[in-house]
1. Using a 10 angstrom cutoff on alpha carbons, build the Gaussian network for the chain and name the most mobile of Ala160, Ala112, Ala280.
2. In terms of Cα to Cα distance under 26 Å, which lysines are near enough to Lys162, apart from those fewer than 8 places away along the same chain?
3. Expressed in nm to one decimal, what extension gain is obtained for the pair Lys152 and His233 from 0.36 nm per residue of sequence separation less their Cα-Cα distance?
4. What does the convex hull of the Cα atoms of the chain come to per residue, in Å³, rounded to a whole number?
5. Sort all Cα-Cα distances of region 191-333 into consecutive 10 angstrom bins from zero, then give the percent of pairs in each bin up to the one containing the longest distance.
6. For the chain, set up a Gaussian network in which alpha carbons nearer than 10 Å are linked by springs, and say which option among Gly111, Gly121, Gly251 fluctuates the most.
7. Consider a paramagnetic label point 7 Å from the Cα of Lys295 along Cα→Cβ; state which residues of region 318-332 have an amide N under 19 Å from it.
8. Using alpha carbons only, how many angstrom separate the centre of region 244-316 from the centre of region 54-72?
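The values are calculated or read from the model by the stated rules, or taken from the named source; none is laboratory data. What you see is a predicted model; the values in this text were computed from it and never measured. Glycine gets a Cβ as well: all are built from the backbone with ideal geometry, and neighbour counts include every protein chain shown. The area values use the complete protein model at the heavy-atom level, side chains included, leaving out ligands, DNA and RNA. Shrake-Rupley method; radii C 1.70, N 1.55, O 1.52, S 1.80 Å.
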Amino acid sequence: MNCDLKKTAVVVISVITTTAFGLLSAKAQQTKKVSMDIEFKSALHPAGTKLKLYREWPKRSLVDTGSLDASNQYKFHIADSLPAVFTLETRKPFLNQTIILEKGLCRIVLGADTQILVKGGILQTRLEQHLQQIKPLEKEWAAAGNQYMKAKNLEEKLLAEKENRVQAEKVQFARMAFIKNNIDNPLGEWLTHHNLYSMQQKDLQMLKGWFSSRVKKNIVSKEIEDKLQTLEHNLLLGKKAPLFNLISITGDAVTLEQLIGKNKYVLIDFWASWCTPCRATNRNIAPLYKELKSKGIEVVSISVDENSELWKKAVESDQIPWVQLISPSIKSRTVVDYHVSTLPSTFLIDRDGFVVKQNIEINDLKKLL
């Protein structure tokens, strides 16, 4: 396609500062509102297309709606304090564009190939540069995910899952680095809020430290603290392990008391036959099991499989030599008692019945040896 034949959609956001007559106090100057004319002009969207403008931060709220007129244009007029985070949305074709509004002009160009070019203030420029830099990493992550979906057997799935995890960590590292470099502006707060769902406990602890060092109080610090409290509430570390009485793969009833009475430690691993990372954990523990056993550490797997035949088939396939129990549902009593929300989930229990380590990694097991 020739360049001059490409259609574009243009969003022009002009910002005009307005002040009241007379002297303003310092506080008033900090909270003064700015009048914003947001003009949307599209060569891709037909007349009648509905537009929605949201203010995203600190609380998502609908600012205004409108529809393109016969000349495919619409103008929003709002007043708000800046900088602030907004989202412009349309359908058919779909557009969901984050805009960091500051004093100045923000221009969004949507090409016929759905490529978006955004030009705005300093924060918007930083955001766009970050998105462009992280795009190749996200592409590799998506490719690993697709490879996993296309895998025809367990061996292929295990390899693809490992690669998927590596690529995911690269994306997360880039996100965290960008947030750290923007702690002192709304962009860092917004991206933390926007990606909070994917943050692990170690990420949250780092974010808590970064934001707590700031003099300015912010809402995202409260969100981080709330999520950490939820995670810590679900942790059993240092607490008595919930008792259970489950059926083994040989049909025998097995209790936690029996297990901890015979061993120095018991490593409980919640898993399922359909969980590829779980199957990888089985194969990683297998070479260590004999030595673990000799050190007084017994391994016990608790499957949440609802189909017992698939469970037995996976145990045989992975050649698992340790104790195999089943609690056939993610909603079963034992799974709920242990607050299991992801698979695999592991708990190291000492002879007194206390959880001394949780979500233990293979490297941690090697250190125990």
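1. Ala112
2. Result set, ordered by chain and number: Lys135, Lys139, Lys150, Lys152, Lys170, Lys202, Lys290, Lys312, Lys313, Lys357, Lys366, Lys367.
3. Values: separation 81, 0.36 × 81 = 29.16 nm, distance 3.91 nm.
Gain in length upon complete extension: 25.3 nm.
4. Values: hull volume 68.4 nm³, N = 369.
Given the Cα convex hull of the chain, per-residue volume reads 185 Å³.
5. Reading upward from the zero bin: 10, 30, 27, 19, 11, 2, 0.
6. Gly251
7. Label zone hits: 321-323.
8. First find each Cα centre; the distance between them is then 54 Å.
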